[in-house]
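Okay, structure first, notes after.
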Amino acid sequence: MSRRPDPLARLAAAATVATIAAGVVLGLAGCSVPAPIPSPSGVPTGIATPSESPAPSPTPTGPVLDQNGTAEANLPLFTSVVDAVWASPQQVQGRAYVDALVAAGFDKSAMQLTPDESTVGNPAESIQFSIRWGSECLIGQVGPATGAPFTTIVPGLEGGTCLVGRTRPIDW
């Protein structure tokens, strides 16, 4: 014959479980992080004030001109400017490259540019432009014959120039 649990015993067991559960909850509540204690200045300790927070450092969005750097150090900026003009409607206009390079900080007086047209008046198959940088030259070439912009660094020519052949005045 099986014994039936006494209803009073079941109630006592349930009360014991509830008491233990309440004790666990209260015990865990004591483990939470206490609120910061205000300091004499009224600012809670452990919280950075605006003057204590580090200021975010500005991050350049791309290459920047290094006036004291080498041609190699400035090639990424030169290339990014050339790529940007190539992606524009002015991709075969030499002046657009010169103007964009000047806007990026390069020295116009150190530049050379080939004509936009051939000797018989047709659009040039390619346009070259350069910037003399110390003893070296940043060279760019664009146009239908190249298919895509091309940039490089070459040694400068005697006499302080970069391009061989006919160039056009940069007088604007």
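Any read-out appearing in this document is the output of simple, stated calculations on the displayed coordinates, not a laboratory observation. The structure presented is a predicted model; accordingly, all values stated were derived computationally and were not measured. When we count neighbours, we look across all protein chains shown, and the Cβ atoms used for this are built from the backbone with ideal geometry, even at glycine.
Does segment 71-155 come out rounded, prolate or oblate, given a ≥ b ≥ c as the square roots of the eigenvalues of its C-alpha gyration tensor, rounded meaning a/c under 1.5 and, failing that, prolate meaning a/b above b/c? It is prolate, given that a/c is not under 1.5 and a/b is the larger ratio. Taken along the Cα-to-beta-carbon direction at a fixed 7 Å, the label points for ASN68 and GLN93 span 3.8 nm.
Scanning residues 5 or more positions from CYS137 or on other chains, those with amide H under 5 Å from its amide H are VAL154, GLY156, with H placed 1.01 Å from N in the peptide plane. Between GLU125 and VAL154, the simple spin-label model (points 7 angstrom out along Cα→Cβ) gives 1.6 nm. Full extension of the chain between ARG168 and LYS108 gives 20.3 nm of extra length, using 0.36 nm per residue less the Cα-Cα distance.
FRET efficiency for the pair ALA145 and SER80, taken as 1/(1 + (r/R0)^6) with r the Cβ-Cβ distance and R0 = 22 Å, rounds to 0.50.
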